[in-house]
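Working notes, structure below.
Just so it is clear, none of the values below were taken in a lab; they were calculated from the coordinates. Treat the numbers as computed from the prediction; the structure is a model and nothing was measured. Neighbour counts are summed over all protein chains in view; Cβ atoms, including those assigned to glycine, are modelled from backbone coordinates with ideal geometry.
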Amino acid sequence: MEKIYSVSEFNQMVKSYIDDIDDFQEFFIEGEISNITYYKSGHLYFSIKDTRAQIKCAAFNYKLKKIPEDLKEGDLIKLFGDVGFYEARGEFQVLARFIEKRNTLGDLFAKLEKIKEKMASAGYFNEEYKKKLPTFPKNIGVVTALTGAALQDIIKTTRKRCKAINIYIYPAKVQGEGAKEEIIKGIETLNKIEEIELIIAGRGGGSIEDLWAFNEEEVAMAFFNSQKPIISAVGHEIDFLLTDLTADARAATPTQAIEMAIPDNISLIDELENKERYIVKLLKSSLNEMQSKLLLRTENYYIKKFLNIFNDNREKIIEKEEKIKKVINNLVENKKINLESKIEKVLVLNPINTLKRGYTVSLIENKKIESIDSIELEDRMVTILNGGKIISIVKEKIYEKNSD
């Protein structure tokens with residue numbers, strides 16, 4: 001007869017089993033620490049890992065246990081603790097009683113420090129190689145994940161600051177296997193598009209493992225070798241990634257990269273209007289001064305006979321003032337019309353609107369399909385369209401005959 005447990009009964013049985021195993025109590029583990037979070041409540045949560053696996057850990061009331069308060073990503077540690085099983089969530093973690101910092105960084109960070117030293121010695125971080133960002137870019141290229149929040153933030157911020165901007169998007173993996181190659185390919189591809197004046201490459205925030213593609217030496221060199229100005233825009237605040245050091249500029253987030261690269265059109269219009277007001281003020285001041293001088297001269301006995309001539313000149317000055325005001329108003333109006341025209345163009349070219357018009361994009365293994373010859377039977381094809389994706393398996397290829 002089958003025995004059926006409730007979830008709570010099963011978890012209670014697992015906890016009893018774990019608590020009864022001596023090897024799960026009072027043991028040492030050595031590894032690299034990551035995902036560190038110190039809470040005001042006095043608890044510390046983190047993970048300990050090696051090259052193949054990781055374990056969630058916690059240290060309750062860590063200050064009372066004299067656990068270091070300056071642990072950072074990549075530190076190599078040795079902890080003493082026990083296995084704990086949290087019945088409510090069915091999760092196990094190691095409960096640390098004591099943590100000892102080793103006198104070296106973790107393997108990844110040790111390797112990174114050597115790369116930094118080598119690249120710094122070669123001058124790849126020097127300011128003399130940093131290219132100046134364009135003042136008013138009309139076309140920018142973006143290398144990031146197509147489905148990530150970073151892309152949406154970039155588009156939203158661009159539209160808010162200046163709608164007359166064309167955005168060229170190269171969709172790339174930004175973490176995990178293959179991310180390094182796709183980021184490099186994206187930078188190289190956007191450099192070949194003549195219209196693009198600026199490149200932004202990055203992603204949203206995450207753990208140091210998620211961001212590690214931007215610490216790869218080959219990716220950092222792709223930033224350095226970019227012929228067009230490039231911004232490293234990875235969502236993190238602490239420390240610097242390797243690409244932050246080789247890029248022409250570093251932004252703490254993709255949104256900040258847009259704020260650095262694109263002037264605010266509202267601010268530009270305000271600036272024009274301020275200049276208009278300043279010019280009008282100068283003209284009025286000059287006119288007032290001239291009118292005062294004219295009044296003084298008209299009272300002079302020797303030039304009273306020229307009164308009519310001066311009055312005529314005064315009318316001409318007033319006419320010129322009105323003409324100048326009209327020229328300034330026309331200039332501001334033309335600027336506004338030009339901005340609105342460019343806004344319409346960027347909305348038409350926006351890749352999201354292209355999907356809304358009924359077009360689709362098909363990918364195989366996250367790569368663009370160049371021709372029918374690049375498709376194999378039984379390939380898994382992902383088709384992106386307005387509102388979502390469709391996954392299909394290729395069962396037949398039909399070649400279209402060329403028409404002469």
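Roughly speaking, what is the stretch gain from Lys335 to Ala252, that is 0.36 nm per residue apart minus the C-alpha to C-alpha distance, in nm to one decimal?
Between Lys335 and Ala252, full extension yields 26.7 nm more.
Among Leu151, Leu385, Leu282, which one shows the highest mean-square fluctuation when the chain is modelled as a Gaussian network with alpha-carbon springs under 10 Å?
Leu282
For the Cα atoms of the chain, what angle does the longest principal axis make with the long axis of helix 179-191, in degrees from 0 to 90, nearest 10?
It works out to around 20 degrees.
From the phi angles alone, apply the Karplus equation (6.51, -1.76, 1.60; θ = phi - 60°) to the range 363-369 and give each ³J(HN,Hα) in whole Hz, x where the residue is Gly or Pro.
10, 10, 6, 6, 10, 5, 8
For Lys367, give me every one of the lysines with a C-alpha distance below 20 angstrom, ignoring sequence neighbours fewer than eight places off in its own chain.
Lys173, Lys180, Lys185, Lys192, Lys389, Lys395, Lys397
With an 8 Å Cα cut-off and a minimum separation of 6 or more residues, compute the relative contact order for the chain in percent.
Relative contact order here is 11 percent.
Residue-wise, which Karplus ³J(HN,Hα) couplings in Hz belong to the range 321-327, taking 6.51 cos²θ - 1.76 cosθ + 1.60, θ = phi - 60°, and x for glycine or proline?
Values per residue, Gly and Pro as x: 4, 5, 5, 4, 4, 5, 4 Hz.
Cut-off under 19 Å on the C-alpha distance; same-chain residues fewer than 8 positions from Lys320 excluded. Which aspartates and glutamates are left, in chain and number order?
Cα-Cα hits under 19 Å: Glu276, Glu289, Asp312.
For the chain, with a Gaussian network of springs between Cα atoms less than 10 Å apart, report the residue from Ile199, Ile140, Ile99 with the top mean-square fluctuation.
Among Ile199, Ile140, Ile99, the largest GNM mean-square fluctuation belongs to Ile99.
Can you give me the P(r) profile for the chain? Cα pairs, bins 20 angstrom wide beginning at 0, each as a whole percent.
Taking every Cα pair in the chain, the percentages come to 19, 35, 28, 12, 5, 1, 0.
Where does the chain land at 222 nm, in deg cm²/dmol rounded to the nearest 500, when only DSSP H runs of n ≥ 4 count, each adding -39500 (n - 2.57), divided by all residues?
Mean residue ellipticity, 222 nm, calculated: -13000 deg cm²/dmol.
If each residue of separation counts as 0.36 nm, what is the full-extension length gain between Gln54 and Glu91 once their alpha-carbon separation is subtracted?
11.9 nm
Could you size up the charge dipole of the chain around its Cα centre, putting +1 on the beta carbon of Lys and Arg and -1 on that of Asp and Glu, and report it in debye to the nearest 20?
The calculation lands at about 2720 debye.
When the chain is treated as a GNM, springs tying every alpha-carbon pair under 10 Å, which of Asp50, Asp23, Asp82 comes out with the largest mean-square fluctuation?
Comparing Asp50, Asp23, Asp82 in a Gaussian network model of the chain, the most mobile one is Asp23.
Residue by residue through the range 157-163, which ³J(HN,Hα) values in whole Hz follow from phi under the Karplus form 6.51 cos²θ - 1.76 cosθ + 1.60 (θ = phi - 60°), with glycine and proline marked x?
Working through the residues one at a time gives 5, 4, 4, 5, 7, 6, 6 Hz.
If I stretch the segment between Leu296 and Tyr399 completely, what's the gain in nm (0.36 nm per residue apart, minus their alpha carbon distance), one decimal?
27.8 nm
So which lysines can Lys345 reach, going by Cα to Cα under 17 Å and dropping same-chain residues fewer than 8 places off?
Partners within reach: Lys138, Lys156, Lys160, Lys163, Lys335, Lys336, Lys356.
Would you pull out the residues with amide H under 5 Å of Val142's amide H, same chain only if 5 or more places away, H placed 1.01 Å from N?
Amide H neighbours of Val142: Tyr168, Ile169, Tyr170, Ile200.
State whether the range 7-105 is rounded, prolate or oblate according to the following rule on the C-alpha gyration tensor (a ≥ b ≥ c being the square roots of its eigenvalues): a/c under 1.5 gives rounded; otherwise a/b larger than b/c gives prolate, and the remaining case gives oblate.
Verdict is prolate for the range 7-105.
Check Cys162: other-chain or 5+ apart residues with amide H under 5 Å from its amide H, H built from backbone geometry?
It is Asn265, by chain and number.
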